[in-house]
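Data first, discussion second: the structure below is written as structure tokens.
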Amino acid sequence: MKVGDIEILQIIDGMIISRLPSTKPLPNAESLAWQEQHQMFRPDGMIESTLGGFLVRTRDRLALVDAGAGEAVVGGYSPPAVNIDNDDDPFVVHFQRIGMSREAIRGIAEFFSGTQMVRGRLPASLDAVGVCPEDVTDLIFTHLHFDHIGWATAEGAAFFPNATIHCASADLDYFLPGAAEEETTALVYCTPNVPERLGPVLDRIKTWESDGTVLPGIDVRLAPGHTPGSSVIVLSDGVDRAMLLGDIIHCPLELTDDDFDLLVDHDQQLASQVRQAYAQELEGSNIPVAGAHFAGLQFGRLLTGQGVRRWSFDDA
């Protein structure tokens, strides 16, 4: 895809297949909303989410916006095998420490038991478009969850040896001391936390505290809620624009239906307000947008039709 002279390439790292909470039912399989989600919704009630990032080539910079989930789990990923009756089970210890009952822990373990994840493909995806890690000049993170910063480092060192790293100061301040939610993430997804992942590259991180320009043609807009520093990336050249929405939404239905939210957010109320504000801004604007977990990281547009918002992927 191109925005003026800016080239944007989707770089796939893998996927997560996960169950939805019972409080967030999927649309009816015969509905238009289901059809518009472009294979993210599965008949078994699971959500299939792409992992990866967007390679943005400007006149003199090569930036990667978000960097997947990182190296593959040795032997392949499997959800945690939890022994609910064992007081020393790490899963049980963690959730009891934050005040959950044994029965509640059992429910959480069952919820995550169907999770599937493939990661580790980002290097091959870069190679497929003729890019090596040394070519990347900048990493820009929409937020600091594990599935967006995974390839900041590999084997304890910078994976992109020449890249400056950019992120919101609010996220760095929240995650770097060790956010409580990260222990759950580490247990469920077998992944390093932010201090481990970013520790080797702290000396190359630059942060933003407000909306502004990161690089020529690449601006950031704070959109807190999903995380304290969650941000939207705006790519522009002349009158042409596109937006990378990060995780302010997970699937297009969150833009077409104000009452549907899919994500677990740091501040649920604020995140909902942000989603609704972007839905209003994007409706009928013809601005191509992509979420960080859309199927294949495809772009689409939010349309107006007969009093309701409609979604169309750009290849539809």
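Numerical summary
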| quantity | calculated |
| --- | --- |
| Gyration tensor (Cα) of the chain, equivalent ellipsoid semi-axes in angstrom | 29, 26, 18 |
| Burial order of peptide ranges 51-62, 174-185, 206-217 (average beta-carbon count within 10 Å, highest first) | 51-62, 174-185, 206-217 |
| Cα centroid of the stretch 274-290 to Cα centroid of the stretch 61-95, whole Å | 33 Å |
| Relative counts (whole %) of C-alpha pair distances in the stretch 1-104, using bins that are 5 Å wide | 2, 9, 12, 11, 13, 16, 14, 10, 6, 4, 2, 1 |
| Amide H partners (placed H, <5 Å) of Leu303, local residues excluded | Gly284, Arg310, Trp311, Ser312 |
| Cβ-based exposure ranking for Met1, Met243, Met46, in which fewest neighbours within 10 Å come first | Met1, Met46, Met243 |
| Sorted by Cβ density within 10 Å, fewest first, the residues Asp147, Asp237 | Asp237, Asp147 |
| Neighbour-count ranking [beta-carbon atoms within 10 angstrom, fewest first] of Trp311, Trp34, Trp151 | Trp34, Trp311, Trp151 |
| DSSP H segments from the chain that extend 20 Å or more along their own axis, Cα-based, with Kyte-Doolittle mean of -1.0 or above | 268-282 |
| Viscosity 0.890 mPa s, 25 °C: Kirkwood-radius Stokes-Einstein D of the stretch 170-249 over Cα pairs, µm²/s | 172 µm²/s |
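Since every read-out is calculated from the coordinates, none of them should be taken as a lab result. Bear in mind that the values here come from a model prediction, so they are computed numbers and not experimental data. Here Cβ is always computed from backbone atoms with ideal geometry, including for glycine, and neighbour counts include all displayed protein chains.
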